[in-house]
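Any read-out appearing in this document is the output of simple, stated calculations on the displayed coordinates, not a laboratory observation. Model, not experiment: these values are computed from the prediction. Please note: Cβ atoms are built from the backbone with ideal geometry, for glycine as well, and neighbour counts cover all protein chains shown.
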């Protein structure tokens, strides 16, 4: 700048001008690059999901199909519900290991009620409704226990939820004696597997009612649009995203995660709030349990080898939360589950033998997280 | 009663409460033993008590590794499958070395050593991810969990490995000392040529596998409590920045911590092969959570900074005693979970009345 | 300090008193059978039910050890050893979770004078008639999983016209019974060069996983013709995936185990055939032979195979067949 000012017309002025212009151009490019990196870095999980979808679509035949994407959403539902509940807990700096078994517990209870009412001759709609409500009501109990242990008795969340994990499993097993629960109202399975709309290309279109008595070809060509259970899940997620992001309840949740003492000083009723958080988590698990009954048409306890809670927590962390609390969103969690589910389905479709898939999933996940750590993020005061 | 006396009794009540709060795990263990011996059958027999120690070795060894990791504020989810990886690797090498013609006395220890060395690799990877690349420990070890499982299943071709040298089973199942009352005493080798009646009254003392496990536990307990390495571990767990400022090389220290964790997991895998004469990929999968529970019962906090080997040992024993006791009382499978869950919850309540004194957050 | 010492002393004393002051508990004089299962699942419960039924008939006691929460010697052996240390039984019915690892612990039990029968799985190669280090059990009573898998494979191959793609959905590679079925099935498939096994998936006993894995495979292979679900959960998930994809009839579903849901699916044509083992009979026979051995010193046949029953769409409503359903 000083060059221009002092030596307006000489060749040296031109030279200086050149240098300046090159400097400015580089500055602009760097900042642009930085901005792009920043943009990607902050939304890395979303980008990663898109990246995976593209790669799998190109690589695996039949991946880029409506039915496949519907399947991915369909099989994500249970996990996404568990993970959404887990999100609330993790934001407050806690952890909830009991979600998988609470789901199994509610599953068993709801299906036993449905079976007994159905056997007693009540109309199916009645049995199903009461069963679902009983299941949801019972789902409050583990959450209440967890919340009280953590909030009032200051038990570390890990141990508290481990206790409920064991209790939920034990009660579920006692009730069902190790067998799946059969003889539920047949309509339950129909509802659980229904879609909002049905389409046979070139032939017919119907809302809510699955066309009956189709021949084999039509049956194969039948496309279901938006499974009912996915629809229900999406509605619930939207409601709770709003609660977490826009209400005082949500703000208090983040506040507690940021620092319990600070939250107390700010006047938040921390123990009461924590109890409510754990109840929310187990309610989500309860909803998942009820939906599972509708889908499978039978009652199933959760087996020991399931690791539902591990996946739920992993998804929440992939979605941007920290196990120390204070961060995380439901949107991020949903992306986390979709990443895990897409990875699994995609690898399955490409025909890779099963245990190589475990290795691939581990490597890809680690790569994704490493890249996440490397790309810059806007530094906030709390960091 | 004078003021001094009143004050004295209050003070000693407070000290008693303090002692109770700090040692509740040990008291709980004793309570379990008393309860089961009163309600059960032959719970306090030599055989049963030794079985408890053998049963607790897996959780204990996995817990040892976790202790180090948890003190630094991290967590290692991969220990279950690294143990499986260790079991499969060790078994595979035993079979290979035996086929190559090595005598059993050489093939077994050699296979064990190779396995322990290879077993450091998962830890190295975990440590690098957590320490250098700043990956959250939960995710890094979660990825390794899948990778170890996949590799183990592929190596073992989806079937448990068989055909191991038989001497392996001997080390894993035998005892240091055998006493046939009024007849003979032998070391390490089961007495031969005795009648059935004498066999029934034979006493077997100190399982070899427990000895091996406790040797390593002892060594690393010393490391944690008395060396600079141990002090640095607590320092990092307490406050990473302060540790950095005081000159500790946090990155390489953390890497070593995770390598210790996977070392213990592999060791557990080797002992598994010695006891069960086979290698399976999912050898440790259901014990992973128990390992963390043992460490936390033993006094550690998942936020880091506290924990001790002594506590982990007690934690592992509590779990093993509980499980053995349940079988002894023939409590049906279903109710067992309810009882364990309930006991866990009640047990920690005792501790929670003295959080400040125990020094926990 | 004194208080601490005093408390510890009291505790140690109470432990000592509790342990030694009680006289040795005298077990009731009636015969007691002990049942050590392999894992907590309906099949193992059915064995217990069969054993209990015969025990009630004979007037003897049945003691059931804790059901291991997962399959493997590391879960079963501690329970077994705790049971043995407790004592109080005369005969052992056991489902060994490993052909090698259980030899030593079971030998120790045998050396204490307790005879045993292995059910569903066996030690070594299952042949107790030849002398070996694993021939001490009295007998092996069980269905041959490998043979069953082979039968299923052959049937499925015939159903799909001996050519096309098939898929196996199973639970856990480290569980010998299910692996036996998988291996038997594969062995059968080798006899049909025109049949391709597109994949084997492991759902670790989670039905939803079985369903999602099968759905993905159906998606990737629109020309798939046969699916084999190797146990209750695998089959339930697999056939549901086929139904959801609208491929019932086009894809033949073979299943194992006869739970009520599978029977219903058979009736509705969603499963094509299902192999039912006879766990009730296994438990029943084990107690029966054990009793005969203990009371009469009877010679027990070294291998008893109750066989299996194949449910298909024709015989599913037969009254004689109903007894094989797991309930």
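Observations on the model:
- Computed from Cα atoms alone, the Kirkwood hydrodynamic radius reported for region A:81-229 is 17.9 Å.
- Averaged over A:174-187, number of beta-carbon atoms from partner chains that fall within 10 Å: 4
- Distance between region B:261-284 and region A:270-296 - C-alpha centres, whole angstrom: 37
- Whole-number D in µm² s⁻¹ for chain C, Kirkwood Cα-pair radius fed into Stokes-Einstein, 20 °C, 1.002 mPa s: 100
- 5 Å-binned pair-distance histogram of region B:138-244 (Cα, whole percent): 2, 9, 10, 9, 10, 13, 11, 11, 9, 7, 4, 2, 1, 0
- Mean residue ellipticity, 222 nm, helices only, chain A: the sum of -39500 (n - 2.57) across DSSP H runs of n ≥ 4, divided by residue count and rounded to 500, is -24000 deg cm²/dmol.
- Sorting A:230, B:135, C:251 from the fewest to the most surrounding beta carbons within 10 angstrom yields A:230, B:135, C:251.
- Crossing angle, helix A:11-42 versus chain A [Cα axis fit, 0-90 degrees, rounded to tens]: 10
- Protection proxy ranking of B:148-155, C:152-159 - average other beta-carbon atoms within 10 Å, highest first: B:148-155, C:152-159
- C-alpha long axis of helix C:232-244 to longest principal axis of chain C, angle in °: 30
- Sorted by Cβ density within 10 Å, fewest first, the residues A:79, C:35: A:79, C:35
- Rg over Rh for region B:26-100 works out to 1.16, using Cα positions for both radii and the Kirkwood form for Rh.
- One way to sum up the overall shape of region C:101-233 is the equivalent ellipsoid from its Cα gyration tensor, whose semi-axes run 36, 17, 10 Å, largest first.
- Fewest-first ordering of C:127, B:76 by other beta carbons within 10 Å of each residue's beta carbon gives C:127, B:76.
- From largest to smallest, the equivalent ellipsoid semi-axes obtained for the protein assembly as shown from the alpha-carbon gyration tensor read 46, 41, 30 Å.
- Distance between the modelled labels on residue C:107 and residue A:207, one decimal in nanometres: 7.4 nm (7 Å Cα→Cβ projection).
- Shielding of peptide B:326-332 by partners, expressed as the average count of other chain Cβ atoms within 10 Å per residue Cβ, is 5.
- At R0 = 35 Å, FRET efficiency that the Cβ-Cβ distance of residue B:174 and residue C:49 yields, to 0.05: 0.40
- Sorted peptide list for B:34-44, B:295-305, criterion being average Cβ within 10 angstrom, highest first: B:295-305, B:34-44
- Here region C:192-277 is treated as a Stokes sphere of Kirkwood radius computed over C-alpha pairs; at 37 °C and 0.692 mPa s its diffusion coefficient rounds to 260 µm²/s.
- Translational D in µm²/s for region B:24-358 (Stokes-Einstein at 37 °C, 0.692 mPa s, Kirkwood Rh from C-alpha pairs): 156
- Debye equation applied to the C-alpha atoms of region A:255-332, log10 I(q)/I(0) at 0.10, 0.13, 0.15, 0.20 Å⁻¹: -0.36, -0.57, -0.72, -1.04
- Relative protection proxy for A:313-319, A:28-34, A:275-281, from highest mean packing down: A:313-319, A:275-281, A:28-34 (other beta-carbon atoms within 10 angstrom).
- What the Cβ-Cβ distance of residue A:266 and residue A:242 gives, at R0 = 25 Å and to the nearest 0.05, is a FRET efficiency of 0.65.
- At q = 0.14, 0.15 Å⁻¹, base-10 log of I(q)/I(0) for region A:44-373 (Debye sum, equal scatterers on each alpha carbon): -1.17, -1.29
- When the P(r) is computed for region A:217-359, the part past 18 Å accounts for 69% of the Cα-Cα pairs.
- Helix A:308-318 and the longest principal axis of the C-alpha atoms of chain A enclose an angle of approximately 20°.
- Counting, for every residue in C:239-248, the Cβ atoms of other protein chains within 10 Å of its Cβ and taking the mean gives 4.
- When Rg and the Kirkwood Rh are both derived from Cα coordinates, the Rg/Rh ratio for region A:288-347 amounts to 1.05.
- Estimated from helices alone, the mean residue ellipticity of chain B at 222 nm is -23000 deg cm²/dmol (sum of -39500 (n - 2.57) over DSSP H runs with n ≥ 4, per residue).
- Taking every Cα-Cα distance in region B:151-202 and sorting them into 5 Å bins from zero, the calculated P(r) comes out as 4, 16, 18, 15, 12, 8, 7, 8, 8, 3, 1 percent.
- Remark: C-alpha extents of region A:6-106 on the principal axes read 85, 42, 14 Å, sorted largest to smallest.
- Cα centroid separation - region A:126-182 against region C:285-327, whole Å: 38
- For chain C, calculated [θ]222 nm from helices alone, where every DSSP H run of n ≥ 4 adds -39500 (n - 2.57): -14000 deg cm²/dmol
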